[in-house]
Every structure is written in C-alpha cells, then in structure tokens.
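The values are calculated or read from the model by the stated rules, or taken from the named source; none is laboratory data. Model, not experiment: these values are computed from the prediction. Note: ideal-geometry Cβ built from the backbone for every residue, glycine included; neighbour counts use all protein chains shown.
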Amino acid sequence: MAEISNPIVDFKGVSLRFEDTWALQNVSFELNAGDTHIILGAAGSGKTTLLKAVIGLVKIDAGDIKLFGEDVRSLSEHDLYPLRSRTGVLFQEGGLFDSLSVGDNVEYPLLNQQNRDVRSGEALSSIEDQARETLRFVELENTFDKFPSEVSGGMRRRVGIARAIVTEPPLVLYDSPTAGLDPITANTIMALILKERDVRNTASLIVTHRYQDGELMSEFRYDPEHQELIRLHEGDGARHRTRFIVMKQGEIVFFGTREELASSSDEYVKRFVKHEE
Amino acid sequence: MLRFLKTSLTSFQDFLFLAGRAFANLFRSPHYYDDVFLQMDLIGVGSLPIVVPTGALSGAIIALQMSRALSTYGANSEVGPIVALTLVRELGPVLTALLVAGRNASGIASELGSMKVTEQIDAMRALGTDPVQKLVTPRLFATATMLPCLTVVADAIGWVAAYLIAVPLLHLVSSGYYWSSSWRALVPNDLAQGLIKPFLFGIIIALVGCYYGLRTTGGTQGVGRATTQAVVSASIWIFFVTFLIDKIFVNL
C-alpha cells in the first residue's frame, strides 16, 4: 500500500506507439487523493489510451507508471488484477455486462473482491445492501432487477458509475461520461461524479469533450449537509485541485488550472474552452 | 506469402498462449463454479435436442445402408458389429462434435465477440477479473466433459435405432444375436478411441470458439466473421485430429 503522501497515479515520460502513430508521447503527470484531472483533446489524441495505460490495459513502450505506488509496467497481467480491483472505471458506453441485471452488475465488483479474499466471508445480503445503497446514490435503486437493455442510455451511464464506485475505490477513471447525452442528463452525471469526489475524497481522471464538465468539477463542490452543489468563491484553494490536461497526438500540450486554460493563447488549446459538443 | 505465413504463425502462437492460460487456470483460484455448471447445462443439456435425433438417424442410416451391402455377401449377421464399430469409433464422436461445434463454437464466439466489441471484456479486466479465468476456463471444462457424455448418448441412441431397423423392420438377425455380436465386437481400443476423441474435440471447440470471440474487432460485422471462422476452424480441426488419432490407434 502506498503512503498517503505518494501520488495515486504517477506518469513519468510514458510513450506508446501504434505502428506509425504516437498514442502517448512522453506523458508525465501526477494525481493525488481528492484531485481531479480533466483530460481534453481531439478524437484520437490519446485520451482513452492514457486512461487504459493507468491500469495496464495497454502496455506502454517507454516510461514509468506508478499506481498506488506500484510499478504497473513491471507487473504481469495476473498481478495487475488486485491493483485494478482498487480502481473504479466508467467506460464510454458503460461497459455493463448485458447478461446480468443492473443489481448484479453493481454487485459484481464486490463479489469479485470477495473471490480475491479482500472481503472474505462478507455475507451476500450485505453485498446486496451495499449495491442497493450505491444505486440509491446514483438515484437508480428502482432499476435493481432490470437488465441494462431495459434502461435508457443516461441510466446505463449512471449504473456504470455505481459499478465503478461501489467498492469505494480511492481512484476512479471516467471515459467520456457525458458523451452522447443531452445537456440535462450530462449535468446530472457530472453532479454525481462531483458528489462522489467530494463525499469520498476520490481521485478522478475524467476524459471528456465538454469543457463544461471540467468547469463544473473546478468551480463547484458538493455540500453533503444540504445535499447540493455550491459554487466555490474566487481564490478558494479547492479550485486548484482540478487541473486540465489537453492532449494532441499523444502529447500533453497543456496542463494547468481552469483560469490558465481559459487564458491560453494556443490555438489548439483554445478550441477546448467553452466548446459545446 | 511471407506475410500470410507470419500472420498464421502469430495467430497459432496466440491460440497456444490462450490454451496454456486456460489450462493453467484450472489449477488457480478463483474458480467460477457457477459459470462452469451454467456452461455444462448450456453445452451439455442444451445440445441434447440436436444430438439425440442425429444419433438416432445415423444408426438407422448405417443399418439401412449396411443391410444392402451385407446381403450381397450373405453377411447379414454382421450388421450389429458394423453398426457398433462405426458409431463408437468414428461417426458418434465426429458427428456429435460437428453438431456441437456448429451450435457451441459459434455460440461461444458470438457471445465473447459481442462482449469484446461492447467493451465488456475490457470492463472485466478493469474490474480485476481475468477474462480467461472467468470466460474461457469454464467453457473449456464444460465442453471437454460434456462432449464425451453427449457422444455416449448419441452412440447409444444410434445403436438402438439401428436395432429397430435391422431386427424388427428388416429381420436381418435375431434380437439376441444383434446385441451380443455387436457388444463382443467392441474392444477396449474402440472404447478408448470413442472417448478420447470427443474429449479432445471438446477442448478444440471451446478454445477455438473463445479464441475467435476474444480477438473480435470491427463491431457487429466482426462478430459475424468471428462466428463463421470459429465454426469453420473447429470443423477442420476436428477432422485433422480424427485423422491423427486414427493413425495412432490403427498402429496400436
């Protein structure tokens, strides 16, 4: 287990090439507990590859990746599974198992941890309670017995979030959580992600095409007492816990706060400021 | 040509790698017993509706064809041994395997292929589950154990069907002689062939189906392509392995 002061994710000079195209090029950054990195960039700029590289779903050619202080590159696929089970992942299309009900999908990571003896002996009823509670967190408790094909796209995305956070992982990776959703549903999803971050102090890596998603994460915090989002005032240190990464052809061309992003003079970077989908 | 050879060798190497991992997982935790029993039910019990009539018709057809040929040589009494040997050694295992390949190699490839193109396999890996352990090993175990059972059922049904044609219908031999002569004709070598073949075919069907399913790319079209390739490859491998086993047993 990594020390609390160590970054949860640590990329150093990471590069990956697919035939003649750079998917990642000398990528370096750190992500600490409770911090959020918003990853913006054109299609094919390496955003999803970066997310996959964090948990070793793609093997890099050069550089070092540390996840919870462990060297991802040196671990075998089998040794990576326990590490991955401590990370929540939301896939672009939800990645839900369509042969399992919504409830079973959300229970899956808990049962998986039980199989790995992380939660040995935990009663099945307790697992179901936890899954129901998490579905309540994303306001979908009534879908427990439905199948993914029976719920809407936005609901599937919320079920995906529930599955990603049910084990209360210290790190959650979100791949385009709002892609293809109407603005109202997209804002609901982002509010849930923000709520998860602030309630559990989760580190979040969010790939998105919508500048507004990053803006929300940067400008607001969740107030658990009143159960609402509160805008952070100017100069609040919490604003700096959300950083923006802009990627171009596998390379990080911008890293900084929302204010720095908004004032960037780079033509490519400017494309992602207040960009409507 | 060189590129084709390189691709084929790489594919075969990937296949062997998958097979190695699937077998190694038989002895490694966690074991997904629920999935194993589910697959045994789907592959074993689920295949009975096609295996039973095919087994019956195979036995009946052999008896009918043999009746004519044997009567030419005045050897009607040999119908029992011929039916028993043909069914147990070759037709039972091969026909059952081809049917199960058509039904299950395609089913496995399309199921896993769909999971692959909808990111469910990646999700599984991301959730800390080995897809080979969760998806391939249960299917491998279930097919390798269920196919010999299905073959025994097909052989038995075919034997009875051949009896109905040869004895009550065509009166080729007496009932007692049919059963005793056919049973006496079988030696341990035949029974071994009849069980080893479906065991190996089961391994081939499961691994080929899983292999093509897990390497699916290109959306729904890719799933269709993977399904076709799985059935074609499994069928060719079944004949190739039959040839190899026959070569070994004929020399014994």
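Could you pull out every one of the helices (runs of 4 or more DSSP H) wholly within the range B:69-165 that has 3 or more residues that are within 13 Å of another protein chain (Cβ to nearest Cβ)?
Details: elements: B:79-85, B:92-100, B:106-117, B:120-126, B:137-164.
Because the criterion is at least 3 residues that are within 13 Å of another protein chain (Cβ to nearest Cβ), the helices (runs of 4 or more DSSP H) in the range B:69-165 that meet it are B:106-117, B:120-126.
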> Can you find a residue in the range A:21-39 that is away from chain B (no Cβ under 14 Å) and more than 30 Å from A:Arg258 (Cα to Cα)?
Replying inline: no
>> Conditions first: (1) closer than 17 Å to B:Thr145 by Cα; (2) free of Cβ contacts under 8 Å to residues at least 60 places away in the same chain; (3) hydrophobic (A, V, I, L, M, F, W, C). B:Cys210 passes all but one, so which condition is the exception?
In response: (2)
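Please indicate, with yes or no, whether at least one residue in the range B:192-205 is more than 14 Å from chain A (Cβ to nearest Cβ), within 26 Å of B:Ser67 (Cα to Cα) and touching a helix residue (DSSP H, G or I) at 6+ places or on another chain (Cβ under 7 Å). Before you say what the answer is, go through the steps one by one.
If we filter the range B:192-205 for residues that are more than 14 Å from chain A (Cβ to nearest Cβ), which is where we start, we get B:192-205.
The next check asks that each one be within 26 Å of B:Ser67 (Cα to Cα); those that pass are B:193-194.
Still in the list and also touching a helix residue (DSSP H, G or I) at 6+ places or on another chain (Cβ under 7 Å): B:193-194.
Scanning the range B:192-205, I find at least one residue that is more than 14 Å from chain A (Cβ to nearest Cβ), within 26 Å of B:Ser67 (Cα to Cα) and touching a helix residue (DSSP H, G or I) at 6+ places or on another chain (Cβ under 7 Å), so the answer is yes.
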>> For the range A:55-69, which positions are in contact (Cβ under 8 Å) with a residue 24 or more places away in the chain, under 14 Å from A:Pro82 (Cα atoms) and either crowded, with 21+ Cβ neighbours inside 10 Å or within 14 Å of chain B (Cβ to nearest Cβ) (or both)?
In response: A:Ile55, A:Gly56, A:Leu67, A:Phe68
> Looking only at the range A:129-175, which residues are surrounded by fewer than 19 Cβ atoms within 10 Å (Cβ to Cβ) and basic (Lys, Arg)?
Replying inline: A:Arg132, A:Arg136, A:Lys146
>> If I go through the range B:2-52 residue by residue, how many of them are in a loop (DSSP other than H, G, I, E, B) and not aromatic (Phe, Trp, Tyr)?
In response: 4
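Sort through B:Leu112, B:Leu87 and tell me the only one that's in contact (Cβ under 8 Å) with a residue 12 or more places away in the chain, under 30 Å from B:Thr216 (Cβ atoms) and within 28 Å of the chain's Cα centre (by Cα). It would help to see each step written out before you state the result.
On the way: B:Leu87 fails: under 30 Å from B:Thr216 (Cβ atoms).
Just one listed residue meets the conditions, B:Leu112.
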> Among the residues of the range B:233-248, is there at least one that is of a type outside the set (Gly, Ala, Ser), touching a residue at least 40 places away in the same chain (Cβ under 8 Å), out of contact with any strand residue (DSSP E or B) (no Cβ under 8 Å at 6 or more places or on another chain) and part of a loop (DSSP other than H, G, I, E, B)?
Replying inline: no
> Would you pick out the residues in the range A:71-112 that are buried (at least 21 other Cβ atoms within 10 Å of the Cβ), facing chain B (nearest Cβ under 8 Å) and touching a strand residue (DSSP E or B) at 6+ places or on another chain (Cβ under 7 Å)?
Replying inline: A:Thr87, A:Val89, A:Phe91
> Any idea which of (1) out of contact with any helix residue (DSSP H, G or I) (no Cβ under 8 Å at 6 or more places or on another chain); (2) at pLDDT below 90 is the one B:Gly219 doesn't satisfy?
Replying inline: (1)
> Out of all the residues in the range B:116-127, is one or more in contact (Cβ under 8 Å) with a residue 12 or more places away in the chain, under 22 Å from B:Ser181 (Cα atoms) and not β-branched (Val, Ile, Thr)?
Replying inline: no
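Inside the range B:119-138, can you point out the residues that are of a type outside the set (Asp, Glu) and in contact with a Gly (Cβ under 7 Å, 6 or more places away or on another chain)? Spell out how you get there, then give the answer.
Of the range B:119-138, the ones of a type outside the set (Asp, Glu) are B:120-121, B:123-129, B:131-138.
Residues satisfying the conditions are B:Gln120, B:Ala123.
Just for helices (runs of 4 or more DSSP H) wholly inside the range A:34-122: which have at least 2 residues that are among the aliphatic types (A, V, I, L, M) and closer than 15 Å to A:Leu173 by Cα?
Numbers: elements: A:47-54, A:77-84, A:102-115.
Ranges flagged: A:47-54.
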> Out of all the residues in the range A:204-247, which are touching a His at 6+ places or on another chain (Cβ under 9 Å) and part of a strand (DSSP E or B)?
Replying inline: A:Ser204, A:Leu205, A:Ile206, A:Thr242, A:Arg243, A:Phe244, A:Ile245
